[in-house]
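Worksheet: one structure, shown below.
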Amino acid sequence: MKRNSFSILFFVNRTRPLKDGTIPICARITVNGERAQFVIQKSVAPDLWDSNSGTAKGNTKQAKEINNYLDLVKAKIKEHKLYLEEHNEPISAPIIKNRFMGIDNKSKTILEIYQEHNDKCKGLENIDFAPGTVKRYEISLNHVKTFIEIKYKKKDLFLYELNPMFISDFEYYLKKTKACGNNYTVKQLKNLKKIIRIALANKWMENDPFVNKKFHLENVDMAYLNEDELNRLMNKEFEIERLSQVKDIYLFCCFTGLAFVDVENLTNDELVEVNQQLWIKKKRQKTNNLFTVPLLEPAMKIINKYKDHPVCTKKGLVLPVMSNQRMNSYLKEIADLCTINKNLSTHTARHTFATTVTLTNNVSIEVVSKMLGHTSIKMTQKYARVVDDLISKDMNKLNWVSPLLI
């Protein structure tokens, strides 16, 4: 077994004198170069402290009491270190300090805190947290749980066992073992960091394992349908009911810009007539931002097609939307049948609305941002592309020839 370097030092904090003029005495524990220090329950007059020996000067009764107490503190600290060695438990300066101060290092574990956080989120579902957010935290917890089982062969880890290497290994596990992309991995790390911040704020742990850890999200160019592909999908007829239904829901999102969770929960009450035209007026479940979208003819036809569907009449919904997982699975099949060489998902419909349906047809980005329910145009710019057709249309407006070309 590797021998741990270990030392105990007493010193005074001269910058924070007490009301009676004395200064507090502190103890510093050092294990393998790692320090942990704390104030003990004694103070001393500044001129009675010997910094070289770390004790009180002289043979007065007061000096003897202080030095006897320092000996007692030192003995107790050594007892805790010996206990950890005899029980083959991890030894570090913070662990020994917490044991001396009566703080149980084993009272909190990372998965315990994570589960407590998720339980609170679940209790506030549809109040402070969207169902999708609650689900994402559940998935994140499962990632950490599985990683601990594989890497450490344990069911859980105590907070004092977490260090920067744990974070590095977790990131490697997500990218290598789970084959997760960079942005998904970053999101999982940020979820874990939120739990660590809770532990640090409650003083359940001293050292932040995310220290000096920086996150970098890569720009991702999400697929969308161009005008030709959109027309190809609209004109394609499917005899299989499930494919036809998924196609209609997807097209509805292409012509309204609704995210999956918003079209899934779209009710008839959220369809409002404005100037003899039907509009969607709804709050986005993700951000709670209000958005308004006038319904174009293709979207109206889809609504009328499903108005008497059993799911719609029973639940008061506008469309019978199946699960996101099934939708995305069937969309891959639909893309193949329509010879669309793109990885379609429910979210690509939102991009199609922003790019092909609106911006390409000269709808201003400010209006598109409002219809998408964004809080700023910067968010809309992530969805929107200045496609070739739009560039061509704008350039044709110039009708100007440079004198240099004549």
Subject >> Charge dipole of the chain about the Cα centre (unit charges at C-beta), most positive-ward option of Ile195, Val211, Phe353 >> reply: Val211
Subject >> Listed values (i) 0.92; (ii) 0.99; (iii) 1.48, entry calculated as Cα Rg over 2.2 N^0.38 Å >> reply: (iii)
Original post:
Using a basic spin-label model with each label point 7 Å from the Cα along Cα→Cβ, how many nm lie between Met322 and Leu278?
Top reply: 2.4 nm
**OP:** Would you mind calculating the gained length between Thr287 and Lys74 on full extension (0.36 nm times residue separation, minus the Cα-Cα distance), in nm to one decimal?
**Re:** 71.2 nm
Original post:
Which Cα, out of Ile77, Ile280, His143, lies furthest along the positive dipole direction of the chain (beta carbon charges, K/R +1, D/E -1)?
Top reply: Ile77
Original post:
Simple spin-label model, 7 Å along Cα-to-Cβ: Asn52 to Ser376 in nm?
Top reply: 6.1 nm
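Based on the Cβ-Cβ distance from Asn142 to Lys108, what FRET efficiency comes out when R0 is 25 Å, to the nearest 0.05? Before the final figure, lay out the partial values.
Numbers: r = 20 Å, r/R0 = 0.79.
Between Asn142 and Lys108 the formula returns 0.80.
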Original post:
What lysines could a cross-link reach from Lys342, if we take a straight Cα to Cα line under 23 Å and drop same-chain neighbours fewer than 8 places away?
Top reply: Lys236, Lys247, Lys332, Lys382
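What size of dipole, in debye to the nearest 20, comes out for segment 83-183 about its Cα centre when the only charges are +1 on Lys and Arg C-beta atoms and -1 on Asp and Glu C-beta atoms? Don't jump to the answer; show the numbers that get you there.
Values: 16 positive and 15 negative charges, 72 e Å.
Dipole magnitude for segment 83-183 comes out near 340 debye.
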Original post:
Using a Gaussian network for the chain with springs between C-alpha atoms less than 10 Å apart, which of these wobbles most: Phe255, Phe129, Phe38?
Top reply: Phe38
Original post:
Hey, rough spin-label estimate for Gln37 and Val220, points 7 angstrom out along Cα→Cβ, what's it come to in nanometres?
Top reply: 4.7 nm
Original post:
Could you name the lysines in cross-link range of Lys57, using Cα to Cα under 19 Å and dropping any fewer than eight places away on the same chain?
Top reply: Lys42, Lys74
Original post:
Among all the aspartates and glutamates, which ones have a C-alpha under 14 Å from Lys315's C-alpha, if same-chain residues fewer than 8 places away are not counted?
Top reply: Glu264, Asp269, Glu270
Subject >> GNM result for the chain, Cα springs below 10 Å: residue of Asp262, Asp47, Asp119 fluctuating most strongly >> reply: Asp47
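Taken together, the values in this text are just the output of simple stated rules run on the coordinates, not laboratory data. For clarity, every value in this text was computed on a predicted model and none was experimentally measured. Heads up, the Cβs are rebuilt from the backbone with ideal geometry, glycines too, and the neighbour counts pull from every protein chain shown.
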